[in-house]
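Single-structure report; data block below.
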Amino acid sequence: WGGPEAGATESPEVLQPIHMRLLRGGTVAARRAVGLQQRSASTSAAAALASRDRFDVRHLGPREADHAEMLAAIGVSSMEELTTKTVPSNILLSRPLDLGPYSPGLSETDALEELRRLVEPNKGMRSMLGVG
């Protein structure tokens with residue numbers, strides 16, 4: 001806070017959120033109330049995040065209307081048509097990709113757990129490249 005000479009009209013105390021002022025100088029009851037609100041907010045946030053554990057739900061990529069506009073701009077009617085026109089036929093898979101137990105997909109949490117399980121047997125070794 002630079003004070004009035006710096007053009008500031010309010011002290012840093014006034015600019016701080018009310019819950020910070022209450023926690024620092026408020027009554028015990030006020031501090032408890034703020035703590036309960038914060039815990040309640042974090043609990044509801046955890047519940048909201050638990051339902052959005054899948055990446056595809058959280059992804060901010062193009063929506064259906066965006067897809068249609070992009071496809072029209074390049075002169076194709078569907079993603080399938082775009083794929084068949086751009087991927088050479090000798091490498092284009094003509095059947096659904098079978099990933100075994102992973103085919104239905106995994107939540108982000110489950111995928112990370114599976115990756116940890118897969119790399120657990122690996123041993124960290126010191127690289128001797130360039131030593132001689």
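With respect to E113, determine if the residue is without any contact (Cβ under 8 Å) to a residue 12 or more places away in the chain and over 23 Å from the mean Cα position of the chain (by Cα).
On the way: without any contact (Cβ under 8 Å) to a residue 12 or more places away in the chain: yes; over 23 Å from the mean Cα position of the chain (by Cα): no.
Criteria not met by E113.
E80 - would you say it is in contact with a helix residue (DSSP H, G or I) (Cβ under 6 Å, 6 or more places away or on another chain) and of a type in the set (D, E, K, R)? So that I can check it myself, show each step before the final result.
On the way: in contact with a helix residue (DSSP H, G or I) (Cβ under 6 Å, 6 or more places away or on another chain): no; of a type in the set (D, E, K, R): yes.
Spelling it out, it is not the case that E80 is in contact with a helix residue (DSSP H, G or I) (Cβ under 6 Å, 6 or more places away or on another chain) and of a type in the set (D, E, K, R).
Being part of a helix (DSSP H, G or I) and farther than 23 Å from R63 by Cβ is the filter here, so list the residues in segment 86-108 that pass it.
We begin by selecting, within segment 86-108, every residue part of a helix (DSSP H, G or I); these are 86, 100-102, 108.
Residues satisfying the conditions are G100, P101, Y102.
Please enumerate the residues belonging to segment 91-114 that are open to solvent by 100 Å² or more (accessible area, probe 1.4 Å), over 21 Å from E80 (Cβ atoms) and at pLDDT 90 or above. Talk me through it step by step, then tell me what you get.
First pass over segment 91-114, keeping only residues open to solvent by 100 Å² or more (accessible area, probe 1.4 Å): 91, 94-98, 101, 104, 113.
Within this subset, residues satisfying the condition of being over 21 Å from E80 (Cβ atoms) are 101, 104, 113.
Listed by number, the list holds a single entry, E113.
The values are calculated or read from the model by the stated rules, or taken from the named source; none is laboratory data. Quantities reported herein were computed from a predicted structural model and do not represent experimental measurements. So basically every Cβ, Gly included, is an ideal-geometry build from the backbone, and we count neighbours across all protein chains shown. Surface areas here come from the heavy atoms of the whole protein model, side chains and all, with no ligands, DNA or RNA. Shrake-Rupley method; radii C 1.70, N 1.55, O 1.52, S 1.80 Å.
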